[in-house]
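See below for the structure under consideration.
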Amino acid sequence: LASIAAALRALGADVRDLPDGLEIAGGRLTGGTVDACGDHRIAMLCACAAPFCTGPMLLRDAGCTDKSYPGFWADYRRLGGQTEEV
């Protein structure tokens, strides 16, 4: 949960840590820089959130998706997602 909260906060979300979960206030995501921390689930969460951000998102360690879904980024682009390697 801490990694999810950190990723969402990096994208501009208002997230509150609770003893048994997270409370996420509504609002627009602004974009920003997120470190996937080697966790494919965080990388995919950010990919799903990116189209809803008002600004660009930079995802560090995006290749970690290869451990569970090697074709993730190709499929993401095929579905209309935009990516750029920097």
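So is GLY12 in contact with a strand residue (DSSP E or B) (Cβ under 7 Å, 6 or more places away or on another chain) and assigned to a loop (DSSP other than H, G, I, E, B) or not?
yes
Is there a residue in the stretch 16-26 that is among the aliphatic types (A, V, I, L, M), under 14 Å from the mean Cα position of the chain (by Cα) and open to solvent by less than 80 Å² (accessible area, probe 1.4 Å)?
No, there is no match, as no residue in the stretch 16-26 is among the aliphatic types (A, V, I, L, M), under 14 Å from the mean Cα position of the chain (by Cα) and open to solvent by less than 80 Å² (accessible area, probe 1.4 Å).
Given the criteria among the charged types (D, E, K, R), open to solvent by 70 Å² or more (accessible area, probe 1.4 Å) and free of Cβ contacts under 8 Å to residues at least 12 places away in the same chain, does ARG60 qualify?
No, not satisfied.
Listed residues THR65, THR33; which is open to solvent by less than 90 Å² (accessible area, probe 1.4 Å), of a type in the set (S, T, N, Q) and part of a helix (DSSP H, G or I)?
THR65
The values are calculated or read from the model by the stated rules, or taken from the named source; none is laboratory data. Given the structure is predicted, the values throughout are model-derived calculations rather than measurements. Backbone-built Cβ (ideal geometry, glycine too); neighbour counts: all protein chains shown. All accessible areas refer to the heavy atoms of the entire protein, side chains included, with ligands and DNA or RNA removed. Shrake-Rupley method; radii C 1.70, N 1.55, O 1.52, S 1.80 Å.
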